Amino acid sequence: MRFRPDVKPASRLDLSKAYTIDLVRSLRRLAFKNVRRTHEVVDTEYNAGEWKRILGERAWLRANTLEQFLIEENDAPRLAKVDGQIVRISTRDYYRYRIGALSELISRHAGGARSLLELGAGFGYNLFSLSLDPQWSSLRGFDIAPNGIEAGRQIATRFDLSDRVSFDRIDLTDAGDPRFEQLAGTTIFTYFCIEQIPHAVEAVVENIIRAKPARVVNIEPAVDMLKLSDPRDLTSRVYIQSMDYQTRLFKLLDTLDSRGRIRILARERMAFAPTLHNDGLLYAWEPRQQSQ
Ligand SMILES: C[S@@+](CC[C@H](N)C(=O)[O-])C[C@H]1O[C@@H](n2cnc3c(N)ncnc32)[C@H](O)[C@@H]1O
C-alpha cells in the first residue's frame, strides 16, 4: 500500500522566504564559484564525496530493515513537492512517500517490463526503493563511481537482495565501454544522472541509442518547461545554471524524435521532489528500428 502523507500546502510566507534564500544561494554560487561540471568535479562530489561517506558509515549495518535504512529517522520539516503540490512535510514522511511514488511512476512508463536497469545508479537508493515493490524482479545499477558500486553491493548483501539487485561499472561517455552491450533489449532509466554530464549529453544519448535498449525513461532536470514568471521555476532555472547541470537533453530528444531516430512515448513533469529547486521532467522513449 502506498503511503499517503497527511500534508498541508506550504504557506505563502514559507514559500517566499524559501525561494528568496534559494535564489540568493544560487546567485552567490554563480557569482563566486563558477562551477564547471567536469569529470573531476563529479568524481569529487560523488565517488570521493557522497558515496565514499556512505560507504564509510555503513548505516545499513545498523538498520533492521531495508525500509528503515532508506527512510531517515529525521523529523525535521522541509518544503517538498508531493503529488504536484509544495507542502511542508517531515523528512521521514517525504522519503516514505517517495518509495511508492517512484515505483508507481516508473511502472507507468516501463511498458510492462519487470526488469529495470538504472544508469548512474549511485549506491542504488532508487533500486533499493523499487525492490520493496515485488513487481520488479530484477534491478541492475550501472555507475562510474567504484564507491557507489561497492556500497550498493554491500547493501544488497545485508538485506539478502543480491539475486535481485546488482551493480556494475560503466562510463556513459565512453562509446567503447563493453558494458553498453548489456543494454540491448532492456528497459533503462536515468534519475538525475545525465544532469551530471552536461558537456557530453549528445555523446551519452548516442551511446545509449547504439546499445539498442527496448525503452528509456529519463528523469532529469529540465529548463525547457520552466515558466520564469513562476517564482518556483525561476528558482529552479537559476539553481540549475549555478550547478552547471545539463540543459540540452530534452531538446535533443525532441530533435531525434522529429528526425525519426527515436519515438517519444511520454513527457511528464515530475509530481514529487525533495526540494524547491531542480524540478524533474520525465521523457519515455524508444529507439526506432532503422536507427543504426
Ligand atoms: C546525482 S547522482 C544520482 C544517483 C542516483 N541516480 C540517485 O538518484 O540516487 C549522479 C550519478 O551519476 C553518476 N555518473 C556521473 N557521470 C557518469 C558517467 N560518465 N557514467 C556513469 N555514471 C556517471 C555519478 O557517479 C552519480 O552516482
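None of the figures in this text is laboratory data; all of them are computed from the coordinates on show. Computed from a predicted model, the values in this text were never measured in an experiment. Cβ atoms come from the backbone with ideal geometry, glycine included; neighbour counts cover every protein chain shown.
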Check: Given springs between every Cα pair under 10 Å in a Gaussian network model of the chain, which of Tyr125, Tyr239, Tyr94 has the largest fluctuation?
Finding: Tyr125
Note to self: Can you give me the distance in nm between label points at Glu40 and Ser11, each placed 7 Å from the Cα along the Cα-to-Cβ direction?
What the structure shows: 4.8 nm
Check: Could you state the number of Å between the C-alpha centres of the stretch 218-292 and the stretch 66-118?
Finding: 20 Å
Check: What list of ³J(HN,Hα) couplings, whole Hz, do you get for the stretch 137-147 from phi and the Karplus terms 6.51, -1.76, 1.60, once you set θ to phi - 60° and write x for glycine and proline?
Finding: 8, 9, 10, 10, x, 10, 7, 7, 8, x, 5
Check: Of Glu202, Glu118, Glu268, which is the most mobile in a GNM of the chain whose springs link Cα atoms less than 10 angstrom apart?
Finding: Glu268
Next item on the list: Give the order of His39, His109 when sorted by the count of other beta carbons within 10 angstrom, beginning with the fewest.
Entry: His39, His109
Item checked: the stretch 166-282: C-alpha gyration tensor shape, a/c 1.5 cut-off, then a/b vs b/c -> prolate
Check: Which length gain, in nm to one decimal place, applies between Arg210 and Ala48 when the Cα-Cα distance is subtracted from 0.36 nm times their residue separation?
Finding: 55.3 nm
Checklist line | Dipole moment magnitude, nearest 20 debye, the chain about Cα centre, only Lys, Arg, Asp, Glu C-beta charged | finding: 600 debye
Checklist line | Relative contact order, percent, the chain [alpha-carbon distance under 8 Å, six or more residues apart] | finding: 20 percent
Next item on the list: Rounded, prolate or oblate: pick one for the stretch 1-146, where a ≥ b ≥ c are the square roots of the eigenvalues of its C-alpha gyration tensor, a/c under 1.5 means rounded, and failing that, prolate if a/b is larger than b/c, else oblate.
Entry: oblate
Next item on the list: Check cross-link reach from Lys227 to the lysines: straight Cα distance under 20 Å, and skip same-chain residues fewer than eight apart.
Entry: Lys17, Lys81, Lys251
Notebook entry, point to check: For the stretch 95-216, what class follows from the C-alpha gyration tensor (a ≥ b ≥ c being the square roots of its eigenvalues): rounded when a/c is under 1.5, otherwise prolate if a/b is larger than b/c, else oblate?
Noted result: prolate
Note to self: Connecting C-alpha atoms closer than 10 Å in a GNM of the chain, tell me which of Gly280, Gly56, Gly152 has the biggest fluctuation.
What the structure shows: Gly56
Checklist line | Two-decimal log10 I(q)/I(0) for the chain, as the Debye equation yields it once each C-alpha is a single scatterer, q = 0.16 Å⁻¹ | finding: -1.51
Next item on the list: Return the sequence-ordered ³J(HN,Hα) values of the stretch 103-114 in whole Hz as given by the Karplus equation 6.51 cos²θ - 1.76 cosθ + 1.60 applied to θ = phi - 60°, using x for Gly and Pro.
Entry: 4, 5, 5, 5, 4, 5, 10, 8, x, x, 5, 10
Notebook entry, point to check: Counting only residues 5 or more places away or on other chains, whose amide H sits under 5 Å from the amide H of Leu265 once H atoms are built in the peptide plane?
Noted result: Ala284, Trp285, Glu286
